[in-house]
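The next block holds one structure in the form of structure tokens; read it before the comments.
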Amino acid sequence: MLDSNGYLLGVVNTQTDVTFEVSKAWPVGVIFSTGAGGGNDIQWCFSQVKGAVDDDVAEADIISTVEFNHSGELLATGDKGGRVVIFQQEQENKIQSHSRGEYNVYSTFQSHEPEFDYLKSLEIEEKINKIRWLPQKNAAQFLLSTNDKTIKLWKISERDKRPEGYNLKEEDGRYRDPTTVTTLRVPVFRPMDLMVEASPRRIFANAHTYHINSISINSDYETYLSADDLRINLWHLEITDRSFNIVDIKPANMEELTEVITAAEFHPNSCNTFVYSSSKGTIRLCDMRASALCDRHSKLFEEPEDPSNRSFFSEIISSISDVKFSHSGRYMMTRDYLSVKIWDLNMENRPVETYQCRHDWVLQ
């Protein structure tokens, strides 16, 4: 979950009831787990701290995004230095689903490097904006990571055996002279220390003029969307050289611009449905079956503003920073500057629940 400044407050693993909370100022991950309390109360227990708590922290080490995979076994974190660190839950804790999960480092790799757009004289940061896991289909894991301009598909695989006994190659990799081969050997696999490899499988670039703020995997697991401030594009996971623009709110005259896209998310069950939120505090639900360009929404979710509470900061605090669907797809959760709201897709005029979020540090 993000606050209105884009700072990550936490992400919940619904498989194991574990919450990962990220500090606003430090590269620290605090993992909490839940347990049954008296009655229906939920008791939160401190579990782990991931990262340094020193006062002298490098800017590149600050965590910018976190994401659990679908099983809750893996937790990926991205930082401002373009690195992705993956934590894995220990084997003994997987058996007891309600025990406190211990997560340890599984793999670390450099996802993005700083770049420079020479046409626009613009420096592109390596900071990871979003990470999204794909459902696991074989022994390997796949995830999407993005910075401001480029999206990458990564394959995370394990290797615990190595081949030995080549006929035309020495053990150190040098090739042998075929004329010196007098016997035929059958190569065999020998056990080795576990090695986790991260390799880029696809690179999706050159499709966004503005900074990417969201990526979301479709329920068909073949396509995904990426959103920037003014446009949303639809990609196929196997095609890197083109995408389809499905939302474009850029006005002909930029002086008439009144809002920007802040987040976008696919419906978990309907592959034709997605929502996107705006800086005005509205959420639009779109159906791709209606038209190729979803310039007209199917539903608009907006809470009426009380005129007596309007102030200079009203538009700022109403800006939505993140939106998520429930697993059933019936509800969605939005986060603005001061609250978390739960919406029923069948009721557009107001949320069914509103939870206020304290911001004591703003008042200090």
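If you count only protein heavy atoms and use a 1.4 Å probe, how large is the accessible surface of ASP172, to the nearest 10 Å²?
100 Å²
Quick check: convex hull of the Cα atoms in the stretch 59-206, volume per residue, rounded to a whole Å³?
177 Å³
Check SER298: other-chain or 5+ apart residues with amide H under 5 Å from its amide H, H built from backbone geometry?
Here LEU285, CYS286, ASP287 satisfy the definition.
Going highest first, how would you order 217-224, 113-120, 316-323 by mean Cβ packing within 10 Å?
Highest-to-lowest ranking by the protection proxy: 316-323, 217-224, 113-120.
Sort 124-135, 174-185 for me by packing, meaning the mean count of neighbouring Cβ atoms within 10 Å per residue, highest on top.
Taking the mean over residues of other Cβ atoms within 10 Å, the ranking is 124-135, 174-185.
Assigning unit charges at the beta carbon (Lys, Arg +1; Asp, Glu -1) and nothing else, what dipole magnitude in debye, to the nearest 20, does the stretch 123-165 show about its Cα centre?
With Lys and Arg at +1 and Asp and Glu at -1, about 240 debye.
The values are calculated or read from the model by the stated rules, or taken from the named source; none is laboratory data. This one's a predicted model, so the numbers in the text were calculated from it and none came from an experiment. Glycine also receives a Cβ, built like all others from the backbone with ideal geometry; neighbour counts cover every protein chain displayed. Accessible surface areas use protein heavy atoms only, side chains included; no ligands, DNA or RNA. Shrake-Rupley method; radii C 1.70, N 1.55, O 1.52, S 1.80 Å.
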